[in-house]
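The values are calculated or read from the model by the stated rules, or taken from the named source; none is laboratory data. No experiment lies behind these values; they were computed from the predicted model shown. Note: ideal-geometry Cβ built from the backbone for every residue, glycine included; neighbour counts use all protein chains shown.
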Amino acid sequence: MIAVLVPPGEMVVGARLILAESEAHHLQVRRVANGTSVRLLDGRGMVGEARLEDDGKGAAVVILHVTTVPRPAELRLLVGVGDRERFEWLVEKCAELGVTDVVPVLAERSLSVASRIRPQQLQKLQVRSREAIKQSGAPWAPALHPITSVALSVVTGREGTRWLADGRAPRVAGPVVGPLTVAIGPEGGFTEEERQVFFAAGFEAVRLGAYTLRFETAAVVAAGWGGVTRGGADE
């Protein structure tokens, strides 16, 4: 069943919702016929089934059924700010893999990246994460947090397992039960001073692979590993 996005808080059985122009265009491109059942997602755990009604002036859906999917155990990524296009790709893949939170971290080595993601671009990234769940079917889109410092990022997700991705670490990432927070440095990694901030906050250095990974690759590996070992997606 093809999926479309609706705004949070508007999914009520019996309601008739006018679809956003982008969603209507999506259905038109996919040649979805009038009266067809479609799946509704709001990115915050609400999943619905609806009937498409298109009168030629605009596409709408009549909501037939709604369920609420509980938010999964937290899978948080603290990612050193890097190149904007690569960070956009990272966010999209995190949405597909069930990450609950993405926190961009402005590390010391992020400052030398002229093409790094900027605060004014975060809203576009949040939109992209919601778009990604249409393909994956995930009930929850990742929450994209404001860009923050290393010192403030360690406050995120104090409970559960906390890893610092480190290609030199003797320990390889292992199975996880419950919440997981993974810190991933920018190109060149975190500085030694920054690493000590993470260690002081209870992070443990782990390897995510046999070789050095780019920041977006490391994020996807961490997301996939965390999702599989924690039981995978809800759907």
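In the set (1) outside any strand (DSSP E or B); (2) closer than 25 Å to residue 30 by Cα, residue 90 fails one condition alone, (2).
Of the residues making up segment 48-65, not a single one is surrounded by fewer than 19 Cβ atoms within 10 Å (Cβ to Cβ) and either closer than 23 Å to residue 180 by Cα or in contact with a helix residue (DSSP H, G or I) (Cβ under 6 Å, 6 or more places away or on another chain) (or both). Total residues in segment 163-194 satisfying the condition of being within 24 Å of residue 86 (Cβ to Cβ) and not β-branched (Val, Ile, Thr): the figure is 17.
When segment 5-40 is filtered for residues that are closer than 24 Å to residue 126 by Cβ and touching a Lys or Arg at 6+ places or on another chain (Cβ under 7 Å), the ones remaining, listed by number, are 5, 8.
Only one of the listed residues (29, 38) is buried (at least 20 other Cβ atoms within 10 Å of the Cβ), more than 30 Å from residue 161 (Cβ to Cβ) and free of Cβ contacts under 8 Å to residues at least 40 places away in the same chain. That residue is 38.
As a summary of the residue check, residue 79 satisfies the conditions (1) among the aliphatic types (A, V, I, L, M); (2) touching a helix residue (DSSP H, G or I) at 6+ places or on another chain (Cβ under 6 Å); (3) assigned to a strand (DSSP E or B); (4) at pLDDT below 95 except for the one numbered (4).
Annotation for segment 8-25: at least one member residue is without any contact (Cβ under 8 Å) to a residue 60 or more places away in the chain, among the hydroxyl-bearing types (Ser, Thr, Tyr) and surrounded by fewer than 13 Cβ atoms within 10 Å (Cβ to Cβ). Within segment 1-31, the only residue that satisfies the criterion of being part of a loop (DSSP other than H, G, I, E, B), modelled with pLDDT under 90 and aliphatic (A, V, I, L, M) is 1.
The listed residues are 114, 95, 60, 50, and the only one of them that is without any contact (Cβ under 8 Å) to a residue 60 or more places away in the chain, at negative phi, assigned to a loop (DSSP other than H, G, I, E, B) and not hydroxyl-bearing (Ser, Thr, Tyr) turns out to be 114.
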